[in-house]
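What follows is calculated from the coordinates using simple rules that are stated; it is not laboratory data. For clarity, every value in this text was computed on a predicted model and none was experimentally measured. Note: ideal-geometry Cβ built from the backbone for every residue, glycine included; neighbour counts use all protein chains shown.
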Amino acid sequence: MEITSGGQRAVISGDLFHHPCQIARPQWASLPDTDSELSTSSRRALLADLAGNTDAAGGSHFAEPWAGVIVNDGDAYRFEPEPTD
């Protein structure tokens, strides 16, 4: 789900990511992924879209902190949680 307001964007991943480790390893499928090739390509596309900008990303299935940003990490990606203070 994408939310835009005041020139800012936030994306809630829904069932696309079940654990933050899938951000670094989008090819790691979850049990609910019935089409692992499609889910992998979908995760990679979203990560490429979000990485390197200030768009907020939220993982519906993540434990707290569940919101942050996606950053490039070499040839992979990393989830940087937003401070909760």
Next item on the list: Determine, for R44, R9, the number of other Cβ atoms within 10 Å of each Cβ, and report the residues in order from fewest to most.
Entry: R44, R9
Notebook entry, point to check: Dividing the alpha-carbon radius of gyration of the stretch 2-81 by 2.2 N^0.38 Å (N being the number of residues), what value is obtained?
Noted result: 1.03
Next item on the list: For helix 36-50, report the angle its Cα long axis makes with the longest principal axis of the Cα atoms of the chain; keep it between 0 and 90° and round to the nearest 10°.
Entry: 20 degrees
Note to self: Run the numbers for S60 and D35: contour at 0.36 nm per residue of separation, minus the present Cα-Cα distance, in nm.
What the structure shows: 7.0 nm
Check: How high is the FRET efficiency from I12 to D49, r the C-beta distance, R0 22 Å, rounded to 0.05?
Finding: 0.95
Checklist line | Peptides 62-74, 17-29 ordered by average Cβ neighbours within 10 Å, highest first | finding: 17-29, 62-74
